[in-house]
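The values are calculated or read from the model by the stated rules, or taken from the named source; none is laboratory data. Fair warning: this is a prediction, and the values are worked out from it, not measured in the lab. Virtual Cβ from ideal backbone geometry, glycine too; neighbours counted across all protein chains shown. Heads up: the accessible areas ignore ligands, DNA and RNA and are worked out on the full protein's heavy atoms, side chains in. Shrake-Rupley method; radii C 1.70, N 1.55, O 1.52, S 1.80 Å.
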Amino acid sequence: MTTLMDTVDQPSLGARVKQRISSDERVMRVCMGIIALFLLVAVVLPLYSMMAKSMEDRDGAFVGLANFAEYFSTPSLFFSGINSLAISLLVTFIVIVTAFIYAYALTRTCMPFKWFFRLIAIVPLLTPSLLSGVSLVYWFGNQGIAKDMLFGETIYGPIGIIIGSTYWVFPHALMIVITALSITDARLYEAAAALRTSAIRTFFKVTLPGCKYGLISAGFVVFILVFTDFGVPKVIGGNFNMLATDIYKQVIGQQNFQMGAVVSVVLLVPAVIAFTVDRLVQRKQVALLSARAVPLEPKPDRRRDMMMFCFCSFVALLIILMIGMAQYAALIKFWPYNLEFTLANYNFDVANGGGWDAYHNSIKMASFTAFFGTIIVFFGAYLLEKGRGFAIGRGVFHGIAMLPLAVPGMVLGLSYIFFFNNPDNPFNFIYGTMTILVVSTIAHFYTVSHLTAVTALKQMDDEFESVAASLKTPFYKTFFKVTVPVCLPASLDIMIYLFLNAMTTVSAVVFIYSSDTQLASVAVLNMDDQGELPFAAAMAMMIAYTCATARLLHLLITRKLLRRTQAWRHR
Amino acid sequence: MNEPAESKKPYLKIRALTKNFGEFVALKDISLDIFESEFVCFLGPSGCGKTTLLRAIAGLDIQTAGSIEQEGRDISGLPPSERDFGIVFQSYALFPNLTVTRNVAFGLENRRMSRDKVSSRVTELLSLVGLPDQGDKYPAQLSGGQQQRVALARALATSPGLLLLDEPLSALDAKVRAHLRLEIKDLQRRLAVTTIMVTHDQEEALTMADRIVVMDHGVIEQVGTPRDIYNRPSSAFAAEFIGTMNFLEATVSASGEVSLGDHRFRCDTSDFEVGSKITLSIRPEDIVVDEGEGNQQNTVMADVRYIEFLGSFCRLGLDSAVFADSDVRADLSIHMMRDRDIDAGTRISVCFPENLIRIFALR
Ligand SMILES: Nc1ncnc2c1ncn2[C@@H]1O[C@H](COP(=O)(O)OP(=O)(O)O)[C@@H](O)[C@H]1O
Ligand SMILES: [Mg+2]
């Protein structure tokens, strides 16, 4: 084997070879650095200033953990934590069970009208979480039509929070569970049938284990969403305190920024833990996914299909009742005394919470967020996935990109006050502008968009970049000629995701909007605060119409695109 | 071209190349010369490091230590875009959203070539790989074999000095594979482009390569022409991996003689001391059936356990006390089978010709 070796010019063994960095690679790393810098300014540094603030007194002197000591010795504040935990666990349980049965019906049965149930389930995604609160007031509030169904209990409190939260987090859980149920391998069921395993045993031995990770993951997502949500408890929570509303009250009500920061840290910790565990769990799910599974074709079973149909109809009915009441309230003259129809409630300019300007601002903000967000997120994911070498830098970038998912919107918004409102900050000039709203919203929803982009990019052959390098084509040419066109559907998905969330989000922006940049979702909150419930309902419905239109547009464009590119996508 | 003279200057010079993935050593101290216009195959079982070596040569996954020179230029640390090679992968890696023409033109479009020149070069390449009329189709509309031809045309478009092929035929079905094998070889000979192909298929390597580099567990086991490697394997691994080989445990009983139990065979034992335990090997086609009673030199009486019909010849499974538990197979022509009237259960005398027995250290 050594016949061809001339030992003369053999280099000393063990001299580690370092690859010279190509100019392409250098440009890519610089770009990645710029996006990392963006995330640093938009997420990491604000969080840091918030943590610093939590250890300062009102004059800005460092006091260590004194604020935390005060927090934990204030019973009312401490009990908010307990309340948040209890409510979140309860909602998680209800939502996971419901979502599992609903998803099971959609994926594993021959229930009729599946398309309808799929459609109706995403409705809550099109509205701000506040809408459920507003709607519940009309159903069960002091003048609610179904008030008696509560047997004297009040809706303003845990009951309202649980119902309202369940409504708006349901689709989030449902999507994860559907995915988990869709990836199961039909061959497992054939094997079970061949072994004459009973249906119930098959369910517990095959179905449940198969989507176990999906259920756990959905559980964590729901938990974080409810634990950190602020809209529903704000509108329907009454005197029932939760952590997220505490922050709002401390900061907006009492201008006690230090205590707001302390509560934020307390809110951040469980969210980060839940997030980390979820990441670990999902890593296992990926391993399941990679197996070449045969998709399962459900077989009809009249009794089961009918039962599932009834269950799904019930859930769909609740969703329709919820959004239907909001729409009805928006069109009524004077609840509950004058039930004539009117469009007066859409005349937002006479309301106190915010006029049509707020709506227009929202459209602007959502469009900017969708446009710039998609570019930043997709390009960042591309640099991460398709660059070569630089493992440490890449790892750090990925870590920062994952961080926003663990940061509750309120915490992010509050951090922005501390960070950007500081006159010494060179970015201080964006405070109070549209820019800061766009930046915060991109940052807030960065992770899910990032993961969508990464998934799409991972599906592309890694060797494209190798081939392009061998042909000495600069990376940006390959990027624009191949990567972008192939990933266009995923980019559109990211775009609509960012748009919908930007339209409906309240939690982060509520701390940083200014009188010039009032937003529709915040207006709903303020109108509710001012007792202008019909306006709030109408504004929430405006958001819903807009989101539904955007979603429809997205669907049409995607479909058209796929048809046009049919030739190269399918055989 | 077949037997490169040692004095000739190598085109590619690999020295002491090592690649670690963490603790795992994927390539261990690889040194190899490849000459201009040569077709070299890296052959070895899956996981032995062939792709790793190819990617190191391309600069796609840089080696941990060691050097590579191409045409006298040290390219050890250069990024792939600064090296001179074209590459074809098992997955084709054709850009799905570009037509065949644009795929082939991909590397030409940023070379300040006029549009006409690009288009005439693409036409030339497509007819070279036998796809003159498929330019407007998308990759997904072509068969696997056609896609691989496009990939080949794309890799050759910029006239690289070195063509790297990583299992280019493994994803294709047997018929297409055999056909494309010949075509690639023919194309390579005509263009005289230095080529390295990775494969785990010995037949592919034997038919296509000028020289074969046999690899196992990250080291080179043997380098040589297909004939060399087949006839004079330097290790039991190479002997077994390429072609079929019978192995029997034996002891060197005297100079020029080995023993299996009481039975003795004459063969070349020059590399071994008397008394060493060795593996005796002989290819099935080298075993001769003779008329004797098993009492001549190097002859054993054996029972035919089974007959495997393989078209132009038959493979016999042989049983004998001398072979103990080893599985010994002999290939016999159809003529011989007919003449001798051999059937399962027939007792025959088989001879291991002295000059065709090879012995290796015990594995
Ligand atoms: N990126 C990697 N990380 C860790 N181990 C690797 C990596 N790439 C290859 N290996 C290991 O190196 C060995 C050689 O791989 P490879 O060169 O792909 O083999 P093959 O001869 O089949 O082409 C294998 O054992 C493989 O598991
Ligand atoms: Mg390989």
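Of the residues in segment B:313-332, at least one is under 26 Å from the mean Cα position of the chain (by Cα), more than 25 Å from B:VAL258 (Cβ to Cβ) and surrounded by 15 or more Cβ atoms within 10 Å (Cβ to Cβ).
Within segment B:41-62, residues that are within 11 Å of chain A (Cβ to nearest Cβ) reach partners that are of a type in the set (Phe, Trp, Tyr) and away from ligand 2 (no atom under 11 Å from the Cβ) with beta carbons closer than 6 Å, at six or more positions or on different chains, in the pairs B:ALA58/B:PHE85. Taking residues in segment B:19-39 that are open to solvent by 20 Å² or more (accessible area, probe 1.4 Å), and partners anywhere that are away from ligand 1 (no atom under 15 Å from the Cβ) and of a type in the set (Ser, Thr, Tyr), the pairs with Cβ atoms closer than 9 Å and at least 6 places apart or on different chains are B:GLU36/B:TYR11; B:GLU36/B:THR194; B:SER37/B:TYR11; B:SER37/B:THR194; B:SER37/B:THR195. When segment A:367-381 is limited to residues that are out of contact with any Leu (no Cβ under 6 Å at 6 or more places or on another chain) and among the hydroxyl-bearing types (Ser, Thr, Tyr), the one that is farthest from A:PHE397 (Cα to Cα) turns out to be A:SER367.
Among the conditions (1) buried (at least 19 other Cβ atoms within 10 Å of the Cβ); (2) within 8 Å of chain A (Cβ to nearest Cβ), B:SER91 misses just one, which is (1).
All of (1) within 16 Å of ligand 1 (Cβ to nearest atom); (2) outside any loop (DSSP other than H, G, I, E, B); (3) modelled with pLDDT under 95 hold for B:LEU164 with one exception: (3). For A:GLY380, state whether it is over 18 Å from the mean Cα position of the chain (by Cα), on the phi < 0 side of the Ramachandran plot and surrounded by fewer than 24 Cβ atoms within 10 Å (Cβ to Cβ). The answer is no for A:GLY380.
Taking segment B:292-348 as the region of interest, the strands (runs of 3 or more DSSP E) fully inside it that hold 1 or more residues being touching a residue at least 40 places away in the same chain (Cβ under 8 Å) are B:299-309, B:328-333.
If you scan segment A:467-497, which residues turn out to be within 8 Å of chain B (Cβ to nearest Cβ), open to solvent by 10 Å² or more (accessible area, probe 1.4 Å) and in a helix (DSSP H, G or I)? The answer is A:ALA469, A:LYS477, A:LYS481, A:PRO485, A:VAL486. Scanning segment B:13-40 for residues that are more than 12 Å from ligand 1 (Cβ to nearest atom) and in contact with a helix residue (DSSP H, G or I) (Cβ under 8 Å, 6 or more places away or on another chain) returns B:ILE14, B:ARG15, B:LEU17, B:PHE39.
Residue by residue, here is whether (1) open to solvent by less than 20 Å² (accessible area, probe 1.4 Å); (2) assigned to a helix (DSSP H, G or I); (3) not assigned by TED's automatic domain parsing to the domain that holds A:ILE87 holds:
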{"site": "A:THR154", "(1), (2), (3)": "no, no, no"}
{"site": "A:VAL177", "(1), (2), (3)": "yes, yes, no"}
{"site": "A:ALA180", "(1), (2), (3)": "yes, yes, no"}
{"site": "A:PHE203", "(1), (2), (3)": "no, yes, no"}
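I'd like to check something: does segment A:61-74 contain any residue that is closer than 30 Å to B:GLN63 by Cα and away from chain B (no Cβ under 14 Å)? Checking segment A:61-74: not a single residue is closer than 30 Å to B:GLN63 by Cα and away from chain B (no Cβ under 14 Å). Taken together, B:VAL198, B:VAL289, B:VAL214 contain a single residue that is more than 16 Å from ligand 1 (Cβ to nearest atom) and part of a strand (DSSP E or B), which is B:VAL289.
Counting only strands (runs of 3 or more DSSP E) wholly contained in segment B:5-107, the ones carrying 2 or more residues that are under 25 Å from A:MET460 (Cβ atoms), within 16 Å of ligand 2 (Cβ to nearest atom) and in contact with a strand residue (DSSP E or B) (Cβ under 7 Å, 6 or more places away or on another chain) occupy B:86-88.
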